[in-house]
Amino acid sequence: MQRGPWGGSEAEAAGGRDVGRLDTPAVVVDRGIAAANLERMAARVSARRQALWPHVKTHKSLAWAQRQLDLGAGGLMVAKLEEAVPLARHGVPAVYVGYPLVGPGPARRLTQLVAAGLQVRVAVDSLAGVACLADVARATSAPLAALVEVDTGFQRCGVASVDDAVQLAEALAAAGVRYQGITCFGGHITWRLSDDERRAAVVAQNLLLAQWSEDLRARGWAPEVVSVGGTVPTGHLDLLSSATELRPGTYIYNDVATVLAGAAQWADCAAWVWTTVVSTPTADRAVVDAGSKTLSSDGPVAGSFGHVRERPDVFVSSLSEEHGVIRARDGGATGLEVGDRLSIVPNHVCTMINLHDNVHLVEGRRVVGSLAVDLRGMIHS
């Protein structure tokens, strides 16, 4: 915690602006921590001879996307087609679209990307999705691949039976789309589970994927690719023997949810909001200038809307659009004063980053530049 007003620092004397002089609220990314997170994941996955297709939804940055490719990623994952456009312009060779594509609009936009030379594969879990891809295949002679999404417990997208998966694989082949295998997202494996429960859930998902693969092989549709999404499951790489490919996203920055799920440590959190106490109406309540338009409204996670790095004895009890309310965990006085500055790690960093055009890059307390959120707001398929 830093008291305001704020003076100079050794970092400023050395030629860099001190983070304490940033106007608040400000989203800050520690470049060294983020780079180390990328390098560590790339090394872990490579050591297991699995492919890495990082999800760009967390950083939404062309610079970080390029770094992930430089570290050996086989390609990059996007949620929506709109995100793939700047990646293709940047020269990214291969993209995996994880969101179901349905209807003529997505078919037209995907056709343009494929015709421009982008290698694309798409997750599909319905015959309507296959029909969309069939339109693309008819419109272009370029290769197009698909993975059948299966539900391993999250109960969002994904077929629930091998019969359904075989039906889709057959339909893809008939449409001229290459069936590559199966894909899943274990979104049910979260901080809400105990450590033992999480490991058990990862084991169960791995066994289920192995059974899916065996049953599909017996039906003549052996998966070339078994793709597993999520940063939390990749915290248990030793239990993911069925996966040929991993698609983490949050790992570059990490957040409260990944730390509480055991997939990262607080020291691995590379992004946070630098904020100022603007009001202390009562001794047990302080208000900061970061609300839901800065941190996002995800949560609460373990009772809070973020982790106060300098003061783990306080928590973010509520958010409105421009205000965050800070209270003491013991119910007493916060000890905060107007002008104090705090840094708050968000509950869900992906949604936070998407709220901002740029983030400040720091090394320690020294501001070393800014980074554009190039894919911000691209939510259309």
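The values are calculated or read from the model by the stated rules, or taken from the named source; none is laboratory data. All figures in this text were calculated on a predicted structure; none of them were measured in a lab. Ideal geometry is used to build each Cβ from the backbone, glycine not excepted, and the neighbour counts take in all protein chains shown.
Test Ala42 against the criterion of being at pLDDT below 95, of a type in the set (A, V, I, L, M) and in a helix (DSSP H, G or I), and give yes or no. Write out each step before concluding.
Working: at pLDDT below 95: no; of a type in the set (A, V, I, L, M): yes; in a helix (DSSP H, G or I): yes.
Spelling it out, it is not the case that Ala42 is at pLDDT below 95, of a type in the set (A, V, I, L, M) and in a helix (DSSP H, G or I).
Between Thr183, Thr231, which is within 22 Å of Ala51 (Cα to Cα), crowded, with 17+ Cβ neighbours inside 10 Å and touching a Pro at 6+ places or on another chain (Cβ under 6 Å)?
Exactly one residue qualifies, and that residue is Thr231.
Given the conditions (1) touching a strand residue (DSSP E or B) at 6+ places or on another chain (Cβ under 8 Å); (2) in contact (Cβ under 8 Å) with a residue 24 or more places away in the chain; (3) closer than 28 Å to Pro233 by Cβ, and given that Leu113 satisfies all but one, which numbered condition is not satisfied?
Failed condition: (3).
In the set Ala35, Ala123, Ala65, which member is of a type in the set (Gly, Ala, Ser) and part of a strand (DSSP E or B)?
Working: Ala35 fails: part of a strand (DSSP E or B); Ala65 fails: part of a strand (DSSP E or B).
Just one listed residue meets the conditions, Ala123.
Which condition breaks for Ala146 when tested against (1) under 20 Å from the mean Cα position of the chain (by Cα); (2) crowded, with 23+ Cβ neighbours inside 10 Å; (3) not in a helix (DSSP H, G or I)?
Only one criterion is unmet by Ala146, namely (1).
Report whether or not Leu342 is outside any loop (DSSP other than H, G, I, E, B) and either of a type in the set (Phe, Trp, Tyr) or modelled with pLDDT of 95 or more (or both). Working first, answer last.
On the way: outside any loop (DSSP other than H, G, I, E, B): yes; either of a type in the set (Phe, Trp, Tyr) or modelled with pLDDT of 95 or more (or both): yes.
Here the answer is yes, as Leu342 does meet what is asked.
If I filter the range 200-208 for residues that are in contact with a helix residue (DSSP H, G or I) (Cβ under 7 Å, 6 or more places away or on another chain) and outside any helix (DSSP H, G or I), do I get at least one hit?
no
Any idea which of (1) out of contact with any Asp or Glu (no Cβ under 9 Å at 6 or more places or on another chain); (2) modelled with pLDDT of 95 or more; (3) more than 23 Å from Val225 (Cα to Cα) is the one Leu127 doesn't satisfy?
For Leu127, the exception is condition (3).
For (1) outside the structural domain of Cys269 (by TED's automatic domain parsing); (2) not hydroxyl-bearing (Ser, Thr, Tyr), each residue gets a yes or a no:
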| position | (1), (2) |
| --- | --- |
| Gly331 | no, yes |
| Gly335 | no, yes |
| Ser343 | no, no |
| Val349 | no, yes |
| Ile353 | no, yes |
| Asp357 | no, yes |
| His360 | no, yes |
| Arg366 | no, yes |
| Ile379 | yes, yes |
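Just need a number here: residues in the range 170-184 that are assigned to a helix (DSSP H, G or I) and within 22 Å of Val78 (Cα to Cα).
Number of matching residues: 1.
Just checking, does the range 128-140 include any residue being over 19 Å from Ala94 (Cβ atoms) and not in a helix (DSSP H, G or I)? Talk me through it step by step, then tell me what you get.
From the range 128-140, those over 19 Å from Ala94 (Cβ atoms) are 128-132, 134-135, 138-139; that's our starting set.
In the following step, the residues that additionally are not in a helix (DSSP H, G or I) were identified as none.
No.
Being β-branched (Val, Ile, Thr) and buried (at least 18 other Cβ atoms within 10 Å of the Cβ) narrows it down to one of Val338, Val359, Val368, so name that one.
On the way: Val338 fails: buried (at least 18 other Cβ atoms within 10 Å of the Cβ); Val368 fails: buried (at least 18 other Cβ atoms within 10 Å of the Cβ).
Among Val338, Val359, Val368, only Val359 is β-branched (Val, Ile, Thr) and buried (at least 18 other Cβ atoms within 10 Å of the Cβ).
Hey, which of the strands (runs of 3 or more DSSP E) in the range 245-333, taking only ones fully inside, have at least 1 residues that are buried (at least 22 other Cβ atoms within 10 Å of the Cβ) and charged (D, E, K, R)?
On the way: elements: 245-247, 271-282, 285-288, 314-319, 324-328.
In the range 245-333, 245-247 are the strands (runs of 3 or more DSSP E) which contain 1 or more residues that are buried (at least 22 other Cβ atoms within 10 Å of the Cβ) and charged (D, E, K, R).
When you look at Gly187, is it of a type in the set (Gly, Ala, Ser) and in a loop (DSSP other than H, G, I, E, B), yes or no?
Numbers: of a type in the set (Gly, Ala, Ser): yes; in a loop (DSSP other than H, G, I, E, B): yes.
So Gly187 fits the description; yes.
Do we have any residue at all in the range 109-117 that's more than 22 Å from Leu87 (Cα to Cα) and either at pLDDT below 95 or crowded, with 19+ Cβ neighbours inside 10 Å (or both)?
Looking only at the range 109-117, we keep the residues that are more than 22 Å from Leu87 (Cα to Cα), and these are none.
No, the range 109-117 contains no residue that is more than 22 Å from Leu87 (Cα to Cα) and either at pLDDT below 95 or crowded, with 19+ Cβ neighbours inside 10 Å (or both).
Looking at the range 75-100 only, could you name the residues that are within 16 Å of Leu52 (Cβ to Cβ) and surrounded by fewer than 19 Cβ atoms within 10 Å (Cβ to Cβ)?
Passing the criteria: Pro93, Ala94.
Kindly provide the set of residues from the range 358-378 that are in contact with a strand residue (DSSP E or B) (Cβ under 7 Å, 6 or more places away or on another chain) and assigned to a loop (DSSP other than H, G, I, E, B), ordered by number.
Residues satisfying the conditions are Arg365, Val373.
Restrict the check to the range 139-146 and report whether at least one residue is in contact with a strand residue (DSSP E or B) (Cβ under 8 Å, 6 or more places away or on another chain) and touching a residue at least 40 places away in the same chain (Cβ under 8 Å). Break it down into steps so the answer makes sense when it comes.
Step one: list which residues in the range 139-146 are in contact with a strand residue (DSSP E or B) (Cβ under 8 Å, 6 or more places away or on another chain), which gives 143-146.
From the residues that got through so far, the ones that are touching a residue at least 40 places away in the same chain (Cβ under 8 Å) too are none.
Looking for residues that are in contact with a strand residue (DSSP E or B) (Cβ under 8 Å, 6 or more places away or on another chain) and touching a residue at least 40 places away in the same chain (Cβ under 8 Å), one finds none in the range 139-146, hence no.
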